[in-house]
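Below is one structure, written out as structure tokens; comments come after it.
The values are calculated or read from the model by the stated rules, or taken from the named source; none is laboratory data. Keep in mind that what you see is a predicted model, and the values were worked out from it rather than measured. Cβ: placed from backbone, ideal geometry, glycine included. Neighbour counts: every protein chain shown. Ligands, DNA and RNA are excluded from the accessible area calculation, which covers all protein heavy atoms including side chains. Shrake-Rupley method; radii C 1.70, N 1.55, O 1.52, S 1.80 Å.
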Amino acid sequence: DQVRAMELVLTASPEWFKRDRTGQAEDVRGGKWVQDNLDFLQQKYGKENVVSFTLHQDEKTPHIHAVVI
């Protein structure tokens, strides 16, 4: 009767992301990269098992924290 969770961090090389003139990565919310990562997790683990999917853009390289059960 245990539920196990796995936390994943999804990212790419810093050079992969387009940058603005200040060097900050461009906003990727709603973009293909984010959707592709969500689709991958849902296909691999099941849509109902992806319980958290959070995009972080507060650092140099955008990344996603996800939890699957």
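In the range 14-69, what count of residues is obtained for those that are in contact with a Ser or Thr (Cβ under 8 Å, 6 or more places away or on another chain) and either assigned to a loop (DSSP other than H, G, I, E, B) or of a type outside the set (Gly, Ala, Ser) (or both)?
The initial filter retains those residues of the range 14-69 that are in contact with a Ser or Thr (Cβ under 8 Å, 6 or more places away or on another chain), namely 14, 17, 25, 61-67.
Pick out the ones that are also either assigned to a loop (DSSP other than H, G, I, E, B) or of a type outside the set (Gly, Ala, Ser) (or both) and you get 14, 17, 61-65, 67.
Count: 8.
Which members of the range 19-31 meet the condition of being loosely packed, with under 11 Cβ neighbours inside 10 Å, more than 19 Å from His65 (Cβ to Cβ) and not hydroxyl-bearing (Ser, Thr, Tyr)? Quick ask: steps written out before the conclusion?
As a first pass, look at the range 19-31 and keep what is loosely packed, with under 11 Cβ neighbours inside 10 Å: 20-23, 29-30.
Okay, now just the ones that are also more than 19 Å from His65 (Cβ to Cβ), so 20-23.
Result: Asp20, Arg21, Gly23.
Can you find a residue in the range 46-62 that is touching a residue at least 40 places away in the same chain (Cβ under 8 Å), open to solvent by 100 Å² or more (accessible area, probe 1.4 Å) and at negative phi? Before the answer, list the steps.
Here is the first cut: in the range 46-62, the ones touching a residue at least 40 places away in the same chain (Cβ under 8 Å) are 51, 60-62.
If we keep only those that are open to solvent by 100 Å² or more (accessible area, probe 1.4 Å) as well, we get 60.
Subsequent filtering for residues that are at negative phi retains 60.
Looking through the range 46-62, at least one residue is touching a residue at least 40 places away in the same chain (Cβ under 8 Å), open to solvent by 100 Å² or more (accessible area, probe 1.4 Å) and at negative phi.
Could you check Pro14 against (1) surrounded by 14 or more Cβ atoms within 10 Å (Cβ to Cβ); (2) touching a Lys or Arg at 6+ places or on another chain (Cβ under 8 Å) and say which number it fails?
For Pro14, the failing item is (1).
Under 8 Å between Cβ atoms, at least 6 apart or on separate chains: pull out the pairs that start in the range 17-29 with a residue that is free of Cβ contacts under 8 Å to residues at least 24 places away in the same chain and end on any residue that is hydrophobic (A, V, I, L, M, F, W, C).
Close Cβ pairs satisfying both conditions: Lys18/Ala25; Arg19/Ala25; Glu26/Phe17.
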